[in-house]
Amino acid sequence: MAQLKVNVCGVDFKNPLIAASGTFGFGREYNELYDISVLGGISTKGMTLEPRTGNPVPRIAEGGSVILNAVGLQNPGVEHFIKSDLPFLKEKGVVIVANVAGKTFEDYGEICAKLDGIVDFVELNISCPNVKAGGMAFGVKPESIKKVTSVAKSSLKSTPLMVKLSPNVESIAVNAKAAQDGGADCISLINTLTGMVIDIERRRPLIANNTGGVSGAGIKPIAVRMVYEAAHAVDIPVIGMGGITCASDVVEFMMAGARAVQVGTANFSNAYAMPEILTNLNLWLDGHGIKDVNEIVGALQLN
């Protein structure tokens, strides 16, 4: 079997598979189905300083090979996470990526300070397209990306900072560079695209928020292209995500330049998606005579 360990910012992952934020909760439910310690890491549900109830329902719709969500960062708040969920995740021995969001620059600094030194990474959610207060305002323009990254980084003394980038931008390469210039230790992308699904009988959007974040297999080609562009624009590690459903998708993202990947929507259609991907990734690597998964990172050869 191939060696699957990857290292990102000095942190060792037992394999390159990370559960994506918002699709895995804090891991408890999936752990009832399989031992989540087999995963490389878990990016938590997006957390804010105070508990949030999220957007009104309905807030999820389907559309072909994608889903549309406008959950609105419903979460129990960072203090609840620290007291109730963090001990459980530490017991599982996975890399803990704490996904955080805020309404102001100060919010980001404060929540990062609370998590510094007690999680393995902080992942800055600056690009949630379905939150009316904050979110997109920080993740579109390079100058705001640089500023919010700098504020968060100044509050982190020992925990590396991962910045999650929006695809709803003019240039992903420019914004990736802005995150690096702001002090990001690594970047993750892509977050969801902004979309709409219409109920043609009611002549209204299917979800109460009108628009929401599009994720799922249908966005993968866009995500692979953006990961490639970002990875060639910065000198820091890149974590890729967007429509991953199988082992060959993981290989694509890593060939495009990702050091590791996050798997999200696939967990909804198949609760065992990640352990199955892990098994098949091993089979692919063995079948191609590859002894170390790191050998395929950035291996893409353009025509």
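Taking into account only those residues within region 252-267 that are of a type in the set (S, T, N, Q) and surrounded by 24 or more Cβ atoms within 10 Å (Cβ to Cβ), which is farthest from Val8 (Cα to Cα)? If we take residues in region 252-267 being of a type in the set (S, T, N, Q) and surrounded by 24 or more Cβ atoms within 10 Å (Cβ to Cβ), then Thr265 is farthest from Val8 (Cα to Cα).
Screening Asn7 on (1) open to solvent by 10 Å² or more (accessible area, probe 1.4 Å); (2) assigned to a loop (DSSP other than H, G, I, E, B); (3) among the polar types (S, T, N, Q); (4) modelled with pLDDT of 95 or more shows it passes everything except condition (2).
Of all the criteria given as (1) at pLDDT 95 or above; (2) open to solvent by less than 10 Å² (accessible area, probe 1.4 Å); (3) within 15 Å of the chain's Cα centre (by Cα); (4) not β-branched (Val, Ile, Thr), the one not satisfied by Lys164 is (2). Scanning region 168-193 for residues that are over 18 Å from Tyr108 (Cα atoms), under 15 Å from the mean Cα position of the chain (by Cα) and either open to solvent by less than 10 Å² (accessible area, probe 1.4 Å) or of a type in the set (A, V, I, L, M) (or both) yields Ala176, Leu189, Ile190, Leu193. If you go through region 198-218 and keep only what is in contact (Cβ under 8 Å) with a residue 60 or more places away in the chain and in contact with a Pro (Cβ under 8 Å, 6 or more places away or on another chain), you end up with Leu206, Ile207, Ala208, Asn209, Thr211, Gly212, Gly213. A search for C-beta distances below 6 Å between a residue of region 289-303 that is under 18 Å from Ala230 (Cβ atoms) and any residue that is open to solvent by less than 40 Å² (accessible area, probe 1.4 Å), counting only pairs 6+ apart in sequence or on different chains, returns Ile296/Met254; Val297/Met254; Gly298/Gly257; Leu300/Ala256.
Screening region 136-161 for residues that are in a loop (DSSP other than H, G, I, E, B) and among the hydroxyl-bearing types (Ser, Thr, Tyr) and picking the one that is most open to solvent (accessible area, probe 1.4 Å) gives Ser158.
Can Val66 be described as within 16 Å of the chain's Cα centre (by Cα), within 30 Å of Pro221 (Cβ to Cβ) and at pLDDT 95 or above? Here the answer is no, as Val66 does not meet what is asked.
If the condition is being part of a loop (DSSP other than H, G, I, E, B), surrounded by 16 or more Cβ atoms within 10 Å (Cβ to Cβ) and of a type outside the set (A, V, I, L, M), then region 194-218 contributes Asn209, Gly216. For Asn69, the conditions (1) without any contact (Cβ under 8 Å) to a residue 40 or more places away in the chain; (2) within 17 Å of Ser127 (Cα to Cα); (3) open to solvent by 30 Å² or more (accessible area, probe 1.4 Å) are fulfilled apart from (1). I'd like to check something: does region 268-280 contain any residue that is of a type in the set (Val, Ile, Thr), open to solvent by less than 10 Å² (accessible area, probe 1.4 Å), within 22 Å of Asn99 (Cβ to Cβ) and under 14 Å from the mean Cα position of the chain (by Cα)? No, there is no match, as no residue in region 268-280 is of a type in the set (Val, Ile, Thr), open to solvent by less than 10 Å² (accessible area, probe 1.4 Å), within 22 Å of Asn99 (Cβ to Cβ) and under 14 Å from the mean Cα position of the chain (by Cα).
The values are calculated or read from the model by the stated rules, or taken from the named source; none is laboratory data. Fair warning: this is a prediction, and the values are worked out from it, not measured in the lab. Don't worry about glycine lacking a Cβ; one is built from the backbone with ideal geometry, like all the others, and counts go over all protein chains shown. Quick note on the areas: whole protein, heavy atoms, side chains included, nothing else; ligands and nucleic acids left out. Shrake-Rupley method; radii C 1.70, N 1.55, O 1.52, S 1.80 Å.
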